[in-house]
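Some notes on the structure that comes next.
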Amino acid sequence: MIQLRKDYILNRWSYIAVERGERPQQVEKDKTENKDNKKSVCFFCPGSEHLTPPEIGRISREDNKNEWQIRWFLNKFPAVEESLKKEITTTNKFYTNGEAFGYHEIIAETPNHEKQLADLSVGEIEKVLKVYALRMKELSIKDGVKYVQIFKNSGAEGGASLAHSHSQLVATNIIPSLVQEKIDALKKYQSCPYCDIIKQEEKSERFIFANQDFISFAPYASRFNYEAWIFPKKHYQNITELKEAEFKNLAKVFQIILFKLGGINAPYNFYLHYSPNEEDLHFHFVIAPRMNIWAGFELATDAFVVKTSPENAAEFYRE
Ligand SMILES: [Zn+2]
Ligand SMILES: [Zn+2]
């Protein structure tokens, strides 16, 4: 049977196949890995530092301070640039525009070309998450920046053009419309709906994993096969509010989810949504495996057809 489900708070719908028992299909090995084999130089590997735009920062390796463990720098092919104008103007009632002002950074998560984020230790993933928080802190206070979008593309279908494991960050002069939709929807509730949703999903069939500080579950109206969300149990507005010890627990949740996706070679994206300035959005990560094709129906209706029910997806992650 196909069930129609609405997002917890947004006016977005999914069509979800709720049959039991289907098993995840192994996805064909990623094409990006064949594309940049050893013959071509990897821009993100140690030794290629001179091929990227100037380094912004790095975390040194614990066993060798001269080498880096994590390194971040501006994207060579940026979507947004610092030198552009920050203002958005409306020239008449139909034409609103501006320049693509902002900062577009790459975070190389590991010096090891062969390892993906899921292959890293909890301690190494924890350091990547701390770099997210650090860049968020530094970029969100820059003049003209309204939002800092942290995300990751993994695999060709996830939009990754380089196989070397990396995250990206785009700081922009606008608030993304999806974040704004969430903020607007929240205002219809007396208190944070996500705080309540977390408590309900912890006891539901969609529950994936929890520790003292974080919980993960497959969202009720998933838009992707095997979609997973990660929330801090406390009502934090941004990753920058996490305490030292909480980063490790976030890393543990990430490792469990990414390890399972890695096991079936699933391409994926993940992204962080948080509260820009005066707003009050409970921050969270959305992990979106890219195994279903968005076709005409999805484009036309913004409603998604999902073949793996969130309940089955959660079972896959829990196993
Ligand atoms: Zn590399
Ligand atoms: Zn909350």
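The values are calculated or read from the model by the stated rules, or taken from the named source; none is laboratory data. This is a predicted model, so every value here is computed, not measured. Cβ atoms come from the backbone with ideal geometry, glycine included; neighbour counts cover every protein chain shown. Keep in mind that these areas ignore ligands, DNA and RNA; they rest on the heavy atoms of the full protein, side chains included. Shrake-Rupley method; radii C 1.70, N 1.55, O 1.52, S 1.80 Å.
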- Amide H contacts under 5 Å for Phe73, restricted to residues at least 5 apart in sequence or on another chain and with H modeled in the peptide plane, are Ile56, Ile106, Ala108
- Item | Overall dimensions of the range 231-319 as given by Cα atoms, namely Rg and Dmax in Å | 15.7, 45
- Highest GNM mean-square fluctuation, the chain, Cα pairs closer than 10 Å: which of Ser121, Ser161, Ser40? Ser40
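Measure up Lys127/Lys152; Lys152/Lys248; Lys115/Lys152; Lys142/Lys182; Lys142/Lys233; Lys85/Lys130 against 21 Å on the Cα-Cα distance and list the ones that go over.
Lys142/Lys182; Lys142/Lys233; Lys85/Lys130
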- Item | At most 12 other Cβ within 10 Å, DSSP loop - trypsin sites (Lys or Arg not before Pro), the range 175-257 | Lys187, Lys188, Lys203, Lys243
- Message: Please check: in the Gaussian network model of the chain (C-alpha springs, under 10 Å), which one of Val18, Val128, Val253 has the largest mean-square fluctuation.
- Response: Val18
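Taking a 1.4 Å probe, which of Met136, Met1 shows the most accessible area, and what order do the others take after it?
Details: Met136 0, Met1 130 Å².
The ranking, largest first, comes out as Met1, Met136.
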- With DNA, RNA and ligands ignored, accessible area of Asp213 (1.4 Å probe; Å², nearest 10): 20
- Task: Would you list, by chain and number, the aspartates and glutamates whose Cα falls below 17 Å from the Cα of Lys260, excluding same-chain residues fewer than 8 positions away?
- Result: Glu22, Glu28, Asp30, Asp119, Glu227, Glu311, Glu315, Glu319
- Please work out how much accessible surface Ile56 shows to a 1.4 Å probe, ignoring ligands, DNA and RNA, in Å² rounded to 10. 70
- Sparse-neighbourhood loop sites, GluC sites (Glu not before Pro) in the range 89-130 - DSSP loop, at most 15 other Cβ within 10 angstrom: Glu99, Glu114
- Message: Please compute the Kirkwood hydrodynamic radius of the range 57-189 from all pairs of different C-alpha atoms, in Å with one decimal.
- Response: 16.7
- Task: For the chain, report the translational diffusion coefficient in µm²/s to the nearest whole number, using Stokes-Einstein at 4 °C, 1.567 mPa s, and a Kirkwood Rh over Cα pairs.
- Result: 63
